[in-house]
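Taking it in order: structure first as structure tokens, then the write-up.
The values are calculated or read from the model by the stated rules, or taken from the named source; none is laboratory data. As the structure is a computational prediction, the values presented were derived from the model and not from experiment. No Cβ is skipped: glycine too gets one built from the backbone with ideal geometry, and neighbour counts run over all protein chains shown. Protein only, heavy atoms only, side chains kept; ligands, DNA and RNA dropped before computing areas. Shrake-Rupley method; radii C 1.70, N 1.55, O 1.52, S 1.80 Å.
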Amino acid sequence: MIGFSTLFYKELLRFWKVAFQTVGAPVLTALLYLMIFGHVLDEHVQVHGVGYTTFLVPGLVMMQVLQNAFANSSSSLIQAKITGSIVFVLLPPIPYSAFFAAYVLAAVARGLMVGAGVLLATVWFTHLQVVAPLWIVAFALCGGAMFGALGMIAGIWSEKFDQLAAFQNFLIMPLTMLSGVFYSIYSLPTFWQRLSHYNPVFYMIDGFRYGFFGVSDVAPEISLAVVFACFAGVSLLTLNLLKRGWKLRA
């Protein structure tokens, strides 16, 4: 537990010491999305019986939770590998399960902090009514944990920043941007509706949004089951890579 708590504390400090960049900048990005899309479409579009800006806010919050959870664990590992400081983490007798837990929990903490910042910043633009807070918490935690574990895989696999950027640009960004953040999938043609159901991020966004409106494209129980199954699969893969020391131990 000492190894876990020390590593967790280190990861928290790592992003908190540059909070202006790691927390403030993503909040500003979400606000820009909201002001541009909300201003243009709010008077013309309604989704699930609510105004477009109100519909958009939960999606932006969850998108920032996921992207920043991924960024935290992936950037930490790739920086440690490139600078050589990863050796100081691997030398102490810290179990790989504690290593995994510390990185994922720190990633979740950053994701939730950014998400809370986006939520607080957007209260001036629209009125959100929370219908089912437990669903909000469940999807935020599971989604953030899954992307924190996915970030560890990206950080372990990448040997330079270019590879990490490719992982983020060609996998993470399409998954989040095409998940229903800015639209309901039922506004899409039938083919794209069906394809969206193969995107796990869709279930995270849809279930998280259900906690605010009580309306969703898929039953929240099904969405949570899909998200948890994906999290379990990604976690098992990450733990296996850590146990083997793949691309971590010379």
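Would you pick out the residues in segment 66-97 that are in contact with a Ser or Thr (Cβ under 9 Å, 6 or more places away or on another chain), farther than 26 Å from residue 26 by Cβ and either open to solvent by less than 30 Å² (accessible area, probe 1.4 Å) or part of a helix (DSSP H, G or I) (or both)? Those that are in contact with a Ser or Thr (Cβ under 9 Å, 6 or more places away or on another chain), farther than 26 Å from residue 26 by Cβ and either open to solvent by less than 30 Å² (accessible area, probe 1.4 Å) or part of a helix (DSSP H, G or I) (or both): none in segment 66-97. In the set 224, 178, 141, 195, only one residue is in contact with a helix residue (DSSP H, G or I) (Cβ under 8 Å, 6 or more places away or on another chain), without any contact (Cβ under 8 Å) to a residue 40 or more places away in the chain and over 30 Å from residue 85 (Cα atoms); that residue is 178.
Just so you know, in segment 222-239 the residues that are under 20 Å from residue 180 (Cα atoms) and of a type outside the set (Gly, Ala, Ser) include one that is surrounded by the fewest Cβ atoms within 10 Å (Cβ to Cβ), and it is 222.
For segment 25-37, check the following and say yes or no: at least one residue is among the aromatic types (Phe, Trp, Tyr), farther than 26 Å from residue 167 by Cα and surrounded by fewer than 19 Cβ atoms within 10 Å (Cβ to Cβ). Within segment 25-37, one or more residues are among the aromatic types (Phe, Trp, Tyr), farther than 26 Å from residue 167 by Cα and surrounded by fewer than 19 Cβ atoms within 10 Å (Cβ to Cβ). Can residue 59 be described as within 15 Å of the chain's Cα centre (by Cα) and within 24 Å of residue 177 (Cβ to Cβ)? When the stated conditions are applied, residue 59 passes them. Listed conditions (1) at pLDDT 95 or above; (2) under 17 Å from the mean Cα position of the chain (by Cα) are all met by residue 170, apart from (1). Within segment 130-141, the set of residues being part of a loop (DSSP other than H, G, I, E, B) and exposed (fewer than 15 other Cβ atoms within 10 Å of the Cβ) comprises 130, 131.
Is it true that some residue in segment 198-221 is surrounded by fewer than 19 Cβ atoms within 10 Å (Cβ to Cβ), in contact (Cβ under 8 Å) with a residue 40 or more places away in the chain and not polar (S, T, N, Q)? Let's see the steps before the verdict.
Pass one, segment 198-221, residues surrounded by fewer than 19 Cβ atoms within 10 Å (Cβ to Cβ): 198-199, 214-215, 218-219, 221.
In the following step, the residues that additionally are in contact (Cβ under 8 Å) with a residue 40 or more places away in the chain were identified as 214-215.
Then keep just the ones that are not polar (S, T, N, Q); that gives 214-215.
Yes, segment 198-221 contains at least one residue that is surrounded by fewer than 19 Cβ atoms within 10 Å (Cβ to Cβ), in contact (Cβ under 8 Å) with a residue 40 or more places away in the chain and not polar (S, T, N, Q).
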